[in-house]
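Just below is one structure, and these are the notes that go with it.
The values are calculated or read from the model by the stated rules, or taken from the named source; none is laboratory data. If you're wondering where the values come from, they're calculated on a predicted model, not measured in any experiment. For neighbour counting, all protein chains shown are included, and Cβ atoms are generated from backbone atoms with ideal geometry for every residue, glycine included. The area values use the complete protein model at the heavy-atom level, side chains included, leaving out ligands, DNA and RNA. Shrake-Rupley method; radii C 1.70, N 1.55, O 1.52, S 1.80 Å.
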Amino acid sequence: MTTQRTSGRRKQAMAAAAVVAALLTTAACGGGGDDGDGGSKNGAAGFDAANQKIAQADQVKKGGELKFGGAQDADSWDTTRGYYGFMWDFARYYSRQLVTNKPEPGKAGAELTPDLATGLAKITDDGKTYTYTLRDGITWEDGKPITSKDIKYGIERVWAQDVLSGGPTYLKEVLDPTGAYKGPYKDTSADKLGLKAIETPDDKTIVFKLPKANSDFEEMLGLISASPVRQDKDTKSKYGLKPFSSGPYKFESYNPGKDLTLVRNDKWSQASDPIRKAYPDKITVKFFSNANELDQRLINGDLDMDINQTGMSPQGRTTALKKHKGNLDNPVSGYIRYAVFPQSVAPFNNIECRKAVILGADHVSLQTARGGPVAGGDIGTNMLPPQVPGSEGQKYDPYELAGANKSGNAAKAKEALKACGQPNGFKTTIAVRNNKPAEVATAQSLQASLKKIGITAEIDQYDGSQTSSIIGSPSNVKKKGYGIIIMGWGADFPSVQGYGLPLWNSKYILESGNNNYALINDKTIDGLFDNYVNTLDDAGKAKIATEINHKVMEGAYYLPFVFERFLNWRSSRLANVYTSDGYSGMYDFVNLGLKSTS
C-alpha cells in the first residue's frame, strides 16, 4: 500500500515561498496555544490522546462539515484502481465490501468483521471454498438492491488491467492463477459474469472457489478492490471521477487535484450497515500544491485533518510541536521508507554495487531527514514492518545499519565498489516524488553521503500523481536511468503476503503500475511465497515470513531508511478519533465526527 504526499504540479520556488511567508504571519490566528502534553485552550484532546485509543468519543455530534486537506490527490478514487493507503481509508465512505476492518483503535482495527455479508466466510473444501450471504436492505445510491452479481462484477474488474491498471491484483492471482479469464470488458458471455471461480446461485449468495487454498484469502476480500460495482454504472477508465455509491456518502463534485465533495446518500440505511455511523452531513477535501501551506491551514483551524496521513512537513511540525502539541499523535506506522535499486539500470544489476550504496549511506542522516526518531522513526534495518508476523524489528540488522555502520562505512563501501568493478565510483540518478519534503530531504542526504565514496547521484523530482506510469513502468525507469528510487510501503493486510508479494514476487513485475521496482525474480523467494499461502498455522506463517525477509535483505535490493513514525494533526473540532493498525497507524476515517456542528 503506497502513501503519497506530494504535489500534482510544480510551482516556482519564489511563488511558493511567498505563499508560505504570508501564511506564517497569520500562524497565531485561530490556532490557540497548548498546555504541553495535555489538552489546550483550543479544546485539543492532548498529545497522543488518539494513538491506539479513542479520543472524545462521547462528544461526537451528528451533522456538520468534515474538512480534509491534502498535498496529493489519490492515484484513483475507482475502487479497483486505488492503491494509496489514504484512498482505501477514505473509500469506505462511498463503498462497502463483504468484510472490512473493524472500526476500532489499535490492533483490533486490523481484524476483519462482516460488512455487506451477514458473517465472516463459511470455509469448506479444505480452505478452497468461501461462501457468504448478503444482508437485507443493502442498496445503491439510487435505491436499487446490491446483489451478489454486483460484487462479482466489481471483483472481475481487477482482471481488466489494460484499462484499469494501478490497484492490487491479489484476487486475480488467487482466483485465476493461469490468467484464463480476460476480464469483463473482453467477456464473451451475455451477462459479462464469466469468471468461473465466483458463483452467484442467487442475489443473496456468493461463493468463491479457489483452485488452491490461500491462508490470507479473506483478507483480500476486505480490500477496497473487492467492492461491488454495478455494471450499468461502470464508466470504465472514467469511473474514478464519480464512483457509484454503496456507502453512506456519494460524490457531489470532484475536480482532480483541486477538491472533492461528498454528501449524504439518502438511500443508505443505518440498519443495513454495522460499520458506518455517518456522523457528518458533508465531507470535503481540498488539495494543495504545497505541503507547508497545507500544514499551515491545519494549524490555523481551517481544516480538520490531512487526508494523506504521512505526517506533517518539517516546517509545520516544528510549529505544531511548540505551540499545539495537544493536537498531535505520534503512532508507529506500518510503513517502511526506503531506497530501492532497479536491476535493469547498470551497475545495479551487480549485488556489490547495491551493497556499496547500502554501506556508504549515512543512516543517522537519513533518519534525520525523515524527521528524526520522533517524527521519522527508528533506523530501518530490514524490510519487514514491526507489525507483520515474522518481523524481528531492529534485531535483524544484516548490514549493521543501526550499529557499526549507522553513520556510513566508506571503507566497506569502497571494498564493495572494487568488487563490483567500479573502484572509482559511478554516476546514477535518484528518482523522488516532487514537493514531498521529507522524501526530497532523504534523496539529498543520500546524494551527499554517496559523493564521499565516489558515487555521483543526480536527483530527478517527478510528478507524484503520475507514479504508476513513471516509476511503475520498468521500461521508463530503464530509459531514464533511475538507479535509485525513493519510496515507502505499508502492508495491504497484516501478513508477509499482504506486504511483500507485490514488491518481491516475480509474478508481480508489471509493465505499468509495477511495484516490484527492483525487478526481483528469485525462485527461492517465489517458492517461499508458494509455501506461505498453503500454510494455515500462524507459527508456520511467521517462520516463512522471516525467511522471505532474510532472502530479500541478502539480495541487497533495498536500503531501508526508517521503521516509520508519523506526527499527524487532528483538529480540536474532531471527536471519535483513533489510529488503526488496519490502516498502518493512520486515523480511521470511517466514523470521524465533530464535537459541534455549528
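The residue 125 and residue 302 beta-carbon pair, evaluated with R₀ = 56 Å, returns a calculated FRET efficiency of approximately 0.55. Whenever you get a sec, compute what percent of the accessible area on the stretch 511-598 sits on carbon and sulfur atoms (1.4 Å probe). Using a 1.4 Å probe with all protein chains present, the stretch 511-598 comes out at 46 percent carbon and sulfur. Residues 191, 306, 126, ordered by accessible area of protein heavy atoms at a 1.4 angstrom probe radius and largest first, appear as 126, 191, 306. Too long at a 23 Å Cα-Cα cut-off: which of 149/267; 152/236; 67/238; 355/543; 418/451; 62/242? Going by Cα-Cα distance, 67/238; 355/543; 62/242 fall outside the 23 Å limit. Measuring max minus min along each principal axis, the C-alpha atoms of the stretch 114-163 give extents of 39, 35, 14 Å (largest first).
With a simple spin-label model that places each label point 7 Å from the Cα along the Cα-to-Cβ direction, the separation between residue 349 and residue 469 comes to 2.8 nm. Of the accessible area of the stretch 269-313, computed with a 1.4 Å probe over protein heavy atoms only, carbon and sulfur atoms account for 42 percent. Any idea what the alpha-carbon Rg over 2.2 N^0.38 Å comes to for the stretch 492-585? Here the Cα radius of gyration is 1.34 times the empirical estimate. Taking every protein chain into account, the accessible area of the stretch 39-108 amounts to 30 square angstrom per residue (probe 1.4 Å).
Based on the Cβ-Cβ distance of residue 163 and residue 411, what FRET efficiency does E = 1/(1 + (r/R0)^6) give at R0 = 56 Å, to the nearest 0.05? With a Förster radius of 56 Å, E is 0.60. Per residue of the chain, the DSSP helices (runs of n ≥ 4 H) give a summed -39500 (n - 2.57) that works out to -7500 deg cm²/dmol at 222 nm.
The alpha-carbon atoms of the stretch 354-448 define a convex hull whose volume equals 114 cubic angstrom per residue. Among rounded, prolate and oblate, which fits the stretch 31-153 when a ≥ b ≥ c are the square roots of the eigenvalues of its C-alpha gyration tensor, a/c under 1.5 means rounded, and a/b larger than b/c means prolate? Prolate is the answer for the stretch 31-153, as a/c is 1.5 or above and a/b outweighs b/c.
Across all directions, the average flat footprint of the convex hull enclosing the Cα atoms of the chain is 25.2 nm².
Note on residue 267 and residue 232: their simple-model spin labels are 1.0 nm apart, each label 7 Å out from Cα toward Cβ. Distances between placed amide hydrogens fall under 5 Å for residue 48 paired with 328, 329, 330, all partners being 5 or more residues away or on another chain.
Simple point charges give the picture: +1 on the Cβ of Lys and Arg, -1 on the Cβ of Asp and Glu, and for the stretch 238-362 a dipole about the Cα centre of about 140 debye.
Each Lys or Arg adds one and each Asp or Glu takes one away; over the other residues whose Cβ falls under 15 Å from the Cβ of residue 421, this sums to +3.
For residue 141, the residues 5 or more places off, or on other chains, whose built amide H falls under 5 Å of its own are 245.
Summing Cβ point charges (Lys, Arg +1; Asp, Glu -1) relative to the Cα centre of the chain gives a dipole of roughly 1280 debye. Using the Cβ-Cβ distance between residue 136 and residue 318 with R0 = 56 Å, the FRET efficiency computed as 1/(1 + (r/R0)^6) comes to roughly 0.60.
In terms of its C-alpha gyration tensor, the stretch 187-343 comes out prolate, because a/c is 1.5 or above and the ratio a/b outweighs b/c.
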